[in-house]
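So the structure is just underneath, and the comments pick up after that.
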Amino acid sequence: MTMESDSGESTFVAHVSSPAMTINVLDNPVWHALAGPHRHHAIGRGAARHYARDIAPFSAILHPSDQAYADLAEDLPVGTEARLFRPTEEPLPAGWEDLGRFPMLQMVATRTPEGGGEAVSTLSSAHAAAMLDLVALAQPGPFGRRTPLLGRYLGIWKGDRLLAMAGERLRVPGHVELSAICVHPEARGQGHAAILVRRLMRLAFENEELPFLHVRPDNRPAIDLYRHLGFEIRRELMVLWRRPR
């Protein structure tokens, strides 16, 4: 259920176990990850934070202001864009250039899925080469050499070939993002993605966290799969690519 707080901020009320949780941290997920559970990965100052780019290519501001963007520029490598998840399409600040923008749907699951008992493998840094090879083929979105440091990653193998994987990326108070959900082109249509997502959902609920994810609005097959697994669309976010001039 969505509602509006006294400040006008969009919130979402859900139930994990029995207590109600108001989850407005999801309106600015990268900020709340880097200011919270992932603070040990955070680079930045003041009202701005970044991940190291080989972990995740994302930056965040607490709120849109000249000072926040000044803080943001301080720790961006020269020529590198800030990729921001923002609640709305915000005005471009002075001294910055717009490199692109696109909408992203945020989906949240509030119930444990059925199934999820199939055999899967835990992936580690020892499997980094296979994970990067699969990402290059399947193109699930940003994934770097050190992305697996952010959480658990699971995979399905056939011999020594990684057929499918999925894992945890952003972690904010009470929630964990599922990401890098991908299947080798030759192994699609066999239910591998659903198996991995169900297992990660169960792990999240066991940890008293709500799983959430992000998906492009035009990716109907993925949206339909996630709905089938128990995710519902919470809201639309804007991904803004901006760089200091």
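Here are some notes:
- Residue list for the range 24-66, restricted to those being among the small types (G, A, S), under 17 Å from the mean Cα position of the chain (by Cα) and either under 19 Å from R235 (Cα atoms) or surrounded by fewer than 17 Cβ atoms within 10 Å (Cβ to Cβ) (or both): A33, G36, A52, A60
- For the residues R198, R216, R188, the requirement of being basic (K, R), under 15 Å from V135 (Cα atoms) and in the same structural domain as E232 (by TED's automatic domain parsing) singles out R188.
- Spans of strands (runs of 3 or more DSSP E) in the range 78-141 with at least 2 residues farther than 28 Å from R235 by Cβ and not assigned by TED's automatic domain parsing to the domain that holds D66: 121-123
- When the range 154-180 is limited to residues that are touching a helix residue (DSSP H, G or I) at 6+ places or on another chain (Cβ under 7 Å) and free of Cβ contacts under 8 Å to residues at least 40 places away in the same chain, the one that is surrounded by the fewest Cβ atoms within 10 Å (Cβ to Cβ) turns out to be L163.
- Check on P148, within 14 Å of the chain's Cα centre (by Cα) and surrounded by fewer than 21 Cβ atoms within 10 Å (Cβ to Cβ): no
- Scope the range 71-102; condition hydrophobic (A, V, I, L, M, F, W, C), over 28 Å from E177 (Cα atoms) and in contact (Cβ under 8 Å) with a residue 12 or more places away in the chain; matching residues: A94, W96
- Taken together, R227, R235, R198 contain a single residue that is surrounded by fewer than 20 Cβ atoms within 10 Å (Cβ to Cβ) and part of a helix (DSSP H, G or I), which is R227.
- Total residues in the range 201-224, condition part of a helix (DSSP H, G or I), out of contact with any Lys or Arg (no Cβ under 7 Å at 6 or more places or on another chain) and within 20 Å of R169 (Cα to Cα): 7
- Residue among A47, A52, A68 that alone is in contact with a Gly (Cβ under 9 Å, 6 or more places away or on another chain) and under 19 Å from V25 (Cβ atoms): A68
Here is a yes/no grid of residues against (1) over 23 Å from E209 (Cβ atoms); (2) touching a Phe, Trp or Tyr at 6+ places or on another chain (Cβ under 8 Å):
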| site | (1), (2) |
| --- | --- |
| G117 | no, no |
| A128 | yes, no |
| L134 | yes, no |
| L149 | no, no |
| G159 | yes, no |
| A166 | no, yes |
| V172 | no, no |
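- Cross-chain or 6+ apart pairs with Cβ under 8 Å, the range 228-243 first and closer than 16 Å to L76 by Cβ, then among the small types (G, A, S) and at pLDDT below 95: R243/G79
The values are calculated or read from the model by the stated rules, or taken from the named source; none is laboratory data. Given the structure is predicted, the values throughout are model-derived calculations rather than measurements. A quick note on method: Cβ atoms are made from the backbone with ideal geometry, for glycine too, and the neighbour counts reach across all protein chains shown.
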